[in-house]
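What follows is a short report on a single structure.
What follows draws every value from the coordinates through simple rules; no lab data is involved. Remember, predicted model here, so these are calculated numbers, not experimental data. Every residue, glycine as well, gets a Cβ built from its backbone with ideal geometry; the counts of neighbours run over all protein chains shown.
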Amino acid sequence: MRMTSIDLLWKPVEGYIDTASYGLPSIGTMQAVEQALSEWQSGLGVWEQWSTSTESARASFAKLVNTESSSVTIGAASSQLIGMIASSLPRKAVVVVPDIEFTSNLFPWMVAEDHGVVVRAVPLEYLNETVAQGCDLVATSAVQSATGEVVELTSLRNAAESVGALTVVDATQAAGWYPIDASQHDAVVCSGYKWLCSPRGVAYMTLSERLAAMLEPSAAGWYAGEVIKDSYYGPPLRLAKDGRRFDISPAWFSWVGGAAANNDLLTIGIEEIYRHNVYLANRLLVELDMQPTDSAIVSLKINSSVDPAKVPFRASLRGGGLRISFHIYNDENDLDRAASFLKGSIVRS
């Protein structure tokens, strides 16, 4: 099953089922980036025009995660954005995280322990219970990188609200295929080079008014100014009043690609992408006599006799398992190739 008209947007790449490592650019994204690079090389490019792509990407990302563009801050990586929050926490603030969390959403909190923040890493199944016992902030990925496990964010938010805790959600393995409502959380952070199929160097963070009021824009520069073209030189401090005051200066060509990539996803629709990806992942599990998980990411323990170098498709070894991840450019040919190879090679717990 290939999505309607998908071949008009992506060149088919057989056997690539590894979007959890990095997403593939669409034809339009590649053309946009190549055009910008050509303009740069020739000296005919206008950086202000490239920069408008950043604002287009900000607005389209806001639509993808159901929030206002004024709440969106742009950066280069998830850890850089999360680090801004971690460094703003007061002494003795208690942060709860899953103990299998990807380190971009773990190390920034642990670094903050140097100035008195307390980090409690707990098994994912005890996350809500631990939060409800009392904390100041809970941080988790919406979809776990190692296992593909989908976190039930509504119940987590309810647990956090019961004790007045902030919620920080890393949507790097979710945004682009899984419906995310950023308006329900204090921060949603996302690196765009995976499921958003953007170039690396594109990252977003949505902020609630409560959390934004706590943060210090310590990396503010000209791009964080209220009026960008009037913020090149000299005092006084004149930062934007909305989420832009936390921006760092954008890497132009990455954001040219990010804007194009977001528009492709909006054209298809996240609900449609969700149905497509989960259908393929669940079908693979059924073919292997395993229970569906309703996640685009599948983690499988494979026999030690299987040579990873001979796997006839592109996937990743993560957390002790073979991680397979389906996205919009995959179809049943990719599913069949994986199922055929893996039958009889799975270690069942």
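Cβ neighbours within 10 Å, averaged per peptide: list 17-27, 234-244 in order, most packed at the top. Intermediate results must be reported in sequence, preceding the final value.
Numbers: 17-27: 21.0, 234-244: 13.4.
The densest-packed peptide leads the list: 17-27, 234-244.
Lys/Arg Cβ at +1, Asp/Glu Cβ at -1, dipole of the stretch 33-266 taken about the Cα centre: which of Ser87, Gln173, Gly45 is farthest positive-ward? Farthest towards the positive end: Gly45. Each peptide in 113-125, 180-192 receives the mean, over its residues, of other Cβ atoms within 10 Å, and ordering these scores from highest gives 180-192, 113-125. Counting only whole DSSP H helices of the chain, the ones at least 20 Å long by C-alpha along their axis and with mean Kyte-Doolittle hydropathy no lower than 0.0 are 252-268.
Send over the per residue convex hull volume for the stretch 1-111, Cα only, as a whole number of Å³. Working shown, then result.
Working: hull volume 22.1 nm³, N = 111.
Convex hull of Cα atoms, per residue: 199 Å³.
Charging the Cβ of each Asp and Glu at -1 and of each Lys and Arg at +1, and nothing else, the dipole of the stretch 182-317 about its Cα centre rounds to 320 debye.
Here the chain is assigned +1 on the Cβ of each Lys and Arg and -1 on the Cβ of each Asp and Glu. Its dipole about the Cα centre then comes out at about 420 debye.
With contributions of -39500 (n - 2.57) from each DSSP H run of at least four residues, the per-residue ellipticity at 222 nm computed over the chain stands at -10500 deg cm²/dmol. Among Trp47, Trp40, sorting on how many other beta-carbon atoms sit within 10 Å of each Cβ, with the fewest leading, yields Trp47, Trp40.
Provide Tyr204, Tyr193 in ascending order of the number of other Cβ atoms located within 10 Å of each residue's Cβ, fewest first.
Numbers: Tyr204 30, Tyr193 24.
Least to most surrounded, the residues fall as Tyr193, Tyr204.
The packing ranking, built from the mean of other Cβ atoms within 10 Å per residue, places the peptides 323-329, 333-339, 52-58 in the order 323-329, 52-58, 333-339, highest first.
Would you mind classifying the chain by shape? Square roots of the alpha carbon gyration tensor eigenvalues, ordered a ≥ b ≥ c; an a/c under 1.5 is rounded, otherwise it is prolate if a/b is larger than b/c and oblate if not. Provide the component values of the computation, followed by the final result.
Working: a/c = 2.13, a/b = 1.20, b/c = 1.77.
It is oblate, given that a/c is not under 1.5 and a/b is not larger than b/c.
So how strong a dipole does the stretch 38-192 carry about its Cα centre when Lys and Arg Cβ are +1 and Asp and Glu Cβ are -1, to the nearest 20 debye?
Rounded to the nearest 20 debye, it is 180 debye.
Relative contact order of the stretch 36-161, taken over Cα pairs closer than 8 Å and 6 or more residues apart, is 20 percent. Distance between the C-alpha centres of the stretch 296-322 and the stretch 175-227: 32 Å, rounded to the whole angstrom. The orientation-averaged projected area of the convex hull spanned by the Cα atoms of the stretch 91-186 comes to 5.6 nm².
Antiparallel as a % of all DSSP beta bridges within the chain, to the nearest 5? Present the calculation step by step, with values, prior to reporting the outcome.
Working: 19 of 36 bridges.
If I count the DSSP bridges inside the chain, around 55 percent turn out antiparallel.
Placing unit charges on the Cβ atoms of the charged side chains and taking the dipole of the stretch 33-266 about its Cα centre, the candidate lying farthest along the positive direction among Pro236, Val138, Trp222 is Pro236.
Once you've got the Cα coordinates, tell me which of Lys194/Lys343; Lys92/Lys229; Lys11/Lys63; Lys63/Lys310 are over 32 Å apart.
The pairs that break the limit, which is 32 Å between Cα atoms, are Lys92/Lys229; Lys63/Lys310.
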